[in-house]
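The values are calculated or read from the model by the stated rules, or taken from the named source; none is laboratory data. Note that the coordinates shown come from a computational prediction; the quantities given were computed from them, not determined experimentally. Note that we place each Cβ from the backbone using ideal geometry, even for glycine, and neighbour counts take in every protein chain shown.
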Amino acid sequence: MNRFLSKDFLSGLMFIGFGLLALYFGQKLALGTPVRMGPGYVPRMLSLILLGLGVIICIVALVTTPEPVEKPQWKPITLVTIGVVCFALLFERAGLLPALVVLILIASLANDEFKLVEVIGNMVVLAALCTLVFKVGLGMNISIIRGVW
């Protein structure tokens with residue numbers, strides 16, 4: 001198998017690509033100094049870290065035994081993407097809990113071992129956790145259920 005088509009090498013290239021993309025879009029931000037950081041300091045450092053990790057991952061992938069890339073599984077990719085889009089569309093209109101319930105339900109359909117009881121348990125736990133973290137802990141001004149709370 002070609003080492004350049006291994007999972008690790010391709011993921012390293014993806015890291016390098018995202019790092020370069022972030023460097024490109026952040027190039028106009030003022031860098032500043034480590035003592036007086038400008039708005040571009042942290043994004044640039046994170047981009048450089050991402051680039052470095054990508055290079056390390058690519059090098060390791062070239063010297064180790066390659067793991068082949070599998071065919072994409074379109075059902076999970078599609079359903080998770082649809083779930084995220086539905087969450088984004090519902091969040092402002094219906095509130096956090098309805099959007100979260102729809103996201104979890106649609107994303108759970110991506111799994112071949114769908115069990116309604118487990119999905120409802122996930123909904124309850126994640127809804128409570130998100131409410132505690134975002135509303136109570138961080139004090140964010142988001143509506144849990146639009147028009148109610």
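What number of residues in segment 96-124 are small (G, A, S), over 29 Å from K7 (Cβ atoms) and in contact (Cβ under 8 Å) with a residue 12 or more places away in the chain?
Adding up the residues that qualify gives 1.
When only residues in segment 38-64 that are among the β-branched types (V, I, T) and within 18 Å of F25 (Cα to Cα) count, which is modelled with the lowest pLDDT?
The extreme case among them is V42.
Could you please find all residues in segment 60-95 being assigned to a helix (DSSP H, G or I), more than 26 Å from C130 (Cβ to Cβ) and touching a residue at least 40 places away in the same chain (Cβ under 8 Å)?
Within segment 60-95, V60, A61, L62 meet the criteria.
Have a look at I106, I142 and point out the one that is within 22 Å of V85 (Cα to Cα) and outside the structural domain of T81 (by TED's automatic domain parsing).
I142
Counting just the residues of segment 34-48 that are under 20 Å from the mean Cα position of the chain (by Cα) and either free of Cβ contacts under 8 Å to residues at least 12 places away in the same chain or not assigned by TED's automatic domain parsing to the domain that holds G12 (or both), which one comes out farthest from F18 (Cα to Cα)?
So the residue we want is V42.
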